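One structure is given here, and the rest of the page talks about it.
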Amino acid sequence: MARTIVLTSGKGGVGKTTVTANLGMHLANKNYRVCLIDMDIGLNNLDVVMNMEDRVMYSMLDVIEHKCRLKEALVQDDTYPLLYLLSSGGLNQNLTITISQIKEVIGELNKTFDYILIDCPAGIDAGFKRAVSLAEEAIIVTTPHLSSLRDADKVITILTSYNISSKRFVINRARGDLIKDKLMFDVYDIGKTLNIEFGGVIPEDDKVITNTSANITNMKVAVNRAFDILADNIITGSKKLFDCTYKYRGLLGSIKKLIKRSV
């Protein structure tokens, strides 16, 4: 039986889709079977983030309309054979998909996968409600900025009316140099404000873009380790946090801060 987790944010542009892709990659790298579902119907781009846009032949809508089998709609990742993508569908197709129909598809996926990660559309409208109603757990992705935190807090409040057994938040694009100098919200202060469990902290890194072999082999050690900790927290329920301020301590750290801000 799969654990079904929705990744949501409220606010767009916080990196929710890239977090979804990279979390799926790290779970698959730990030998778990993972299916990613893009529920941003009509504006779906998870396939683009994962470099799969040219390989998606069928969508969830095609499965529901019996135009293909579920197996045919699943796209296997080239680098991580235990990682699959199920695209939701194209523009204006959301009007033909009901929650009960999607739940039937997820019921079939439950038989095969260990984790089903649902990439939720931004906002709190019908798309959000549909995606959240499909999940048993939630990860709220936010950044250390006031507007993003306000939206995350609203989402957490709304989630209380759904059958969500577990809620965690992930701080994305955290800059250790700014946090160290109190120019960006500290992750522990954010935790007290949102008042739910930590999921993880992901440092800012422009290389966190696509789900390719570059992510694990070439991505900066710090980001790679941060996603690895996030995956372990999801698997085991642990509450470890990546410390993105560690390299900005002491004299050498001060020099690194100056260099980073001059770039």
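If the condition is being surrounded by fewer than 24 Cβ atoms within 10 Å (Cβ to Cβ), within 10 Å of the chain's Cα centre (by Cα) and not polar (S, T, N, Q), then region 15-46 contributes only 15.
For region 1-53, the set of residues classified as farther than 23 Å from residue 98 by Cβ and part of a strand (DSSP E or B) consists of 3, 34, listed by residue number.
Inside region 95-113, residues that are at pLDDT below 95, touching a Ser or Thr at 6+ places or on another chain (Cβ under 8 Å) and not in a loop (DSSP other than H, G, I, E, B) make up a count of 1. Taking region 129-166 as the range and being polar (S, T, N, Q), assigned to a loop (DSSP other than H, G, I, E, B) and crowded, with 18+ Cβ neighbours inside 10 Å as the test, only 143 passes.
Restricting attention to region 54-80, the residues that are over 23 Å from the mean Cα position of the chain (by Cα) and either of a type in the set (Val, Ile, Thr) or part of a loop (DSSP other than H, G, I, E, B) (or both) add up to 8.
The values are calculated or read from the model by the stated rules, or taken from the named source; none is laboratory data. Here the structure is a predicted model, which is why all the values come from computation and not from measurement. When we count neighbours, we look across all protein chains shown, and the Cβ atoms used for this are built from the backbone with ideal geometry, even at glycine.
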